[in-house]
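The next block holds one structure in the form of structure tokens; read it before the comments.
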Amino acid sequence: MTQTIGIDLGTANTLVCVGEQTSKNGVPYKLNIILNEPSVVAVDYRSGDVLAVGSEARKMIGRTPDYLRAIRPLKDGVIADFDYASQMISEFIKRATSSNLLSPLSKPKLAIGVPSGITSVEKRAVREAAESAGAGQVYLIDEPMAAGIGACLPVSEPVGSMVVDIGGGTTEIAVISLSGIVVSESIRVAGDELNDAIIQYLKKVYNLAIGERTAEEIKFALGPDFGNNGDDKFEVRGLNLINGLPRTVSISQMEVREAMVEPLTSIIEAVKRTLERTPPELAADIFERGITLAGGGAMLDSLDVAIRNEVEVPVYIAENPLECVVIGTGRVLVDKTLKRVLDHQADTVAQ
Ligand code: ADP
Ligand code: MG
């Protein structure tokens, strides 16, 4: 039996899942997520060597001596750093294939979710990295398609489904019908930009300097569970820019929302533009059936409500927004009803 591996090569996180054939309960397959790590490599600048990949590399951020750098090779959605991206992909595939779930003897079939904006040269690099890491057949799947499959949307049917995948570096928006992407747009405004907007706001309003990780904590903490009262406060520690001393300020959920207005508006505008470019029948389907949000950004406080209000379309958050893409890449290899998606795979168009 051929082993199958699905990979979500995200700008922030890489996930790997392994498909297993099973006849239990009449279900023909089972998918297990066996790896979920930040897309980070730690590099020794003197020699160019990669010293660590994934969680281990992320821990080094901000704690490295001068000659070490923690790099996110896919940061802006395209492969910003080619060599390091390839090494990272190889390392993750090796970790997945060496886990005891897979037999080292058979070459696994592999599906990789790639950002829809990547060039054919970059696609070749991803494919080569996968092949050199021991994969047999390699399929490249557009990320929003994988997200749609992972979110159980009827991607093969003649109805329009819209997916908005808000990751770290990019937001990808796509309308899917009959196993293909009909219209899509990818913008470089997503989770990282939101963190940055929070950093800028605190600097401007409170003269407070904070790092990326603190900004991300603020974004997480003020999620939907924080409470519905916009006046609830959150304590932020940083450095006073005027005297360089540590300082704590309390900011409200309303302020964080205000800080993020600009990038959030860009995302909503991109959704509107994509809908405007959608053929009328498919647009009618979307107005009726709604938009599905995926990626880590789907969990942002009130984003679903904001889109619903602005675009006047029902908006749903996928069940496991961070796992949709990897589940989609895993499922596309084992679910026979999705065969046509493989025929439409990402690089057949570009070649
Ligand atoms: P990518 O596919 O680009 O790797 P992910 O889908 O893994 O990205 O999402 C990562 C982004 O989602 C990060 O910017 C992170 O800050 C954001 N994120 C994760 N969880 C949450 C949350 N609960 N609330 C808001 N943003 C979140
Ligand atoms: Mg993603």
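Annotations for the structure displayed:
- Solvent exposure of the chain amounts to 47 Å² per residue of accessible area, where only protein heavy atoms count and the probe is 1.4 Å.
- Per residue convex hull volume, Cα atoms of the range 232-277, in Å³: 84 Å³
- Unit charges at the beta carbon, dipole of the chain: most positive-side option, Tyr67, Val326, Thr14: Tyr67
- Largest mean-square fluctuation among Leu239, Leu293, Leu333, in a Gaussian network model of the chain whose springs join Cα atoms under 10 Å apart, belongs to Leu239.
- Between amide H atoms placed 1.01 Å from N, distances below 5 Å from Ala111 occur with Ile5, Gly6, Ile7, Tyr139, all of them 5 or more places distant or on a separate chain.
- Only helices enter the 222 nm calculation for the chain: every DSSP H run of n ≥ 4 contributes -39,500 (n - 2.57), and dividing by all residues gives -11000 deg cm²/dmol, rounded to 500.
- Loop sites here are chymotrypsin sites (Phe, Trp or Tyr not before Pro) outside DSSP states H, G, I, E and B with no more than 15 other Cβ atoms within 10 Å. The longest part of the chain free of them is 68-351.
- GNM flexibility winner over the chain from Asp44, Asp304, Asp165 (Cα, springs under 10 Å): Asp44
- If you run the Gaussian network model on the chain, springs between alpha carbon atoms under 10 Å, then out of Ile181, Ile61, Ile267 the most flexible one is Ile61.
- Candidates Leu222, Val159, Asn36 compared by Cα position along the dipole of the chain: farthest toward the positive end lies Asn36, with charges placed on Cβ.
- The Cβ shell under 14 Å around Gly6 holds other residues with a net charge of -3, Lys and Arg each +1, Asp and Glu each -1.
- Around the Cα centre of the range 255-351, unit charges on the Cβ atoms of Lys, Arg, Asp and Glu (plus for the first two, minus for the last two) sum to a dipole of about 460 debye.
- All Cα pairs of the chain, percent lying beyond 37 Å: 21 percent
- Separation of the Tyr316 and Leu178 label points, Cα + 7 Å toward Cβ, nm: 2.4 nm
- Spherically averaged projected area in nm², based on the convex hull that wraps the Cα atoms of the range 91-163: 6.1 nm²
- Checking every one of the trypsin sites (Lys or Arg not before Pro) in the range 257-351 against DSSP loop status and a limit of 13 other Cβ atoms within 10 Å picks out Arg277.
- Spin-label pair Glu288/Glu258, simplified geometry with 7 Å Cα→Cβ offset, distance in nm: 4.3 nm
- Electrostatic bookkeeping for Arg257 treats Lys and Arg as +1 and Asp and Glu as -1; over the other residues with beta carbon under 11 Å from its beta carbon, the sum is -2.
- Placing +1 on each Lys and Arg Cβ and -1 on each Asp and Glu Cβ, with no other charges, gives the chain a dipole about its Cα centre of roughly 880 debye.
- Based on Cα contacts under 8 Å between residues 6+ apart, the chain shows a relative contact order of 20 percent.
- Fraction of beta bridges assigned by DSSP in the chain that are antiparallel (%, nearest 5): 75 percent
- Rounded to the nearest 20 debye, the dipole magnitude of the range 125-198 is 180 debye, with +1 charges on Lys and Arg beta carbons, -1 on Asp and Glu beta carbons, and the Cα centre as origin.
- Sites excluded, GluC sites (Glu not before Pro) in DSSP loops with at most 14 other C-beta within 10 Å, longest stretch of the chain: 1-311
- Residue among Gly211, Thr2, Ala125 farthest towards the positive dipole end of the chain, charges placed on Cβ: Thr2
The values are calculated or read from the model by the stated rules, or taken from the named source; none is laboratory data. Being a predicted model, the structure only gives us computed values, none of them experimental. As a convention, Cβ positions derive from the backbone with ideal geometry for all residues, glycine included, and neighbour counts pool all protein chains shown. Note: areas computed on protein heavy atoms with side chains; ligands, DNA, RNA excluded. Shrake-Rupley method; radii C 1.70, N 1.55, O 1.52, S 1.80 Å.
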